[in-house]
Every structure is written in C-alpha cells, then in structure tokens.
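Each value in this text was obtained by applying a stated rule to the coordinates, not by laboratory testing. Treat the numbers as computed from the prediction; the structure is a model and nothing was measured. Here the Cβ is made from the backbone with ideal geometry for all residues, glycine too, and neighbour counts use every protein chain on show.
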Amino acid sequence: MRIRIFWDSDMSKELFKRVNNSASELGLSDFIEIDETIDEKLKEELWIKSEPALIIEEEEIDFKDVIFEWIVPEEEEIKSMFISIIWWWEGWDWGCSSWWCSDWSCSTWGCC
C-alpha cells in the first residue's frame with residue numbers, strides 16, 4: 001500500500017508528519033510506503049482541487065483515490081483510516097476472536 005500526500009504548502013507538511021506518526025505508532029511503517037508528490041498528472045487524474053490531499057494507492061487491486069482533501073485530520077482519525085483499510089485486507093491474520101477490539105496499541109496487531 002502506498003500513501004501519497006499531494007502538497008506544496010505548510011498544511012501539507014503537517015499532514016505528511018501526522019500520517020508518518022500514525023503509521024509508525026500503529027507499526028505500519030514497513031507495510032505502508034509514504035511519500036509526497038506535486039505530480040500535476042496525478043492531480044488531474046484524481047481531480048484534486050485543494051491541498052493537501054491524501055491519496056491511497058494499492059497496486060494489487062488497481063486502486064487509487066483521494067481520501068482527504070483540503071484538511072489535516074487529527075492523528076486518531078488517520079489511525080482509524082489505516083485500521084479500517086487494513087481490516088478488510090485479505091490475508092491479514094488479526095488473531096482476534098471478534099471483529100472489533102478495544103485496544104489497537106498492540107505491536108502485533110492482535111487484541112490485547
């Protein structure tokens with residue numbers, strides 16, 4: 001999975017920082033590639049009108065879309081986004097006995 005921040009502003013720099021912090025805190029730094037771009041073709045392709053924009057790309061399923069545009073969500077919201085995206089990812093072994101767990105701070109991504 002790849003997260004791209006379309007940017008050229010201070011708000012974009014803050015979004016990039018929060019995305020990196022969230023991925024690191026959840027133990028996803030090795031799983032998710034995070035970078036920034038000012039690629040005008042990508043901007044046109046995804047109809048990005050405002051900065052910053054958070055883009056998710058998943059090559060395995062040929063998916064690319066803008067998730068957030070013109071806002072810098074709090075880290076908790078970004079972490080929730082990561083959890084909900086990874087939750088459905090086929091092949092992920094959560095090790096949980098239920099579909100929801102109250103503590104996502106485990107480094108093993110299992111329920112505590």
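The aspartates and glutamates within cross-link reach of residue 13, meaning a Cα-to-Cα straight distance under 19 Å and a gap of 8 or more places when in the same chain, are 25, 33, 35, 36, 39, 40, 51, 69, 74, 75, 76, 77.
Working out 0.36 nm times the residue gap between residue 13 and residue 38, then minus their Cα-Cα distance, what length gain in nm do you get to one decimal? Walk me through the intermediate numbers first.
Numbers: separation 25, 0.36 × 25 = 9.00 nm, distance 1.24 nm.
Value of the extension gain: 7.8 nm.
Annotation: lysines with alpha-carbon distance below 18 angstrom to residue 17 (same-chain offsets under eight excluded): 79.
May I ask what percent, to the nearest 5, of DSSP beta bridges between residues of the stretch 2-87 are antiparallel? Please list the in-between numbers first.
Values: 11 of 16 bridges.
Antiparallel bridges make up about 70 percent of those DSSP assigns within the stretch 2-87.
What is the dipole size for the stretch 2-87, taken about its Cα centre, with +1 at each Lys and Arg Cβ and -1 at each Asp and Glu Cβ, in debye to the nearest 20?
On the way: 10 positive and 24 negative charges, 33 e Å.
So the magnitude is around 160 debye.
Orientation-averaged projection of the stretch 1-83 equals 5.0 nm² [convex hull of Cα atoms, one quarter of hull surface area]. Net charge of the neighbourhood of residue 42, taken over other residues with C-beta under 12 Å away and scored Lys/Arg +1, Asp/Glu -1, is -3.
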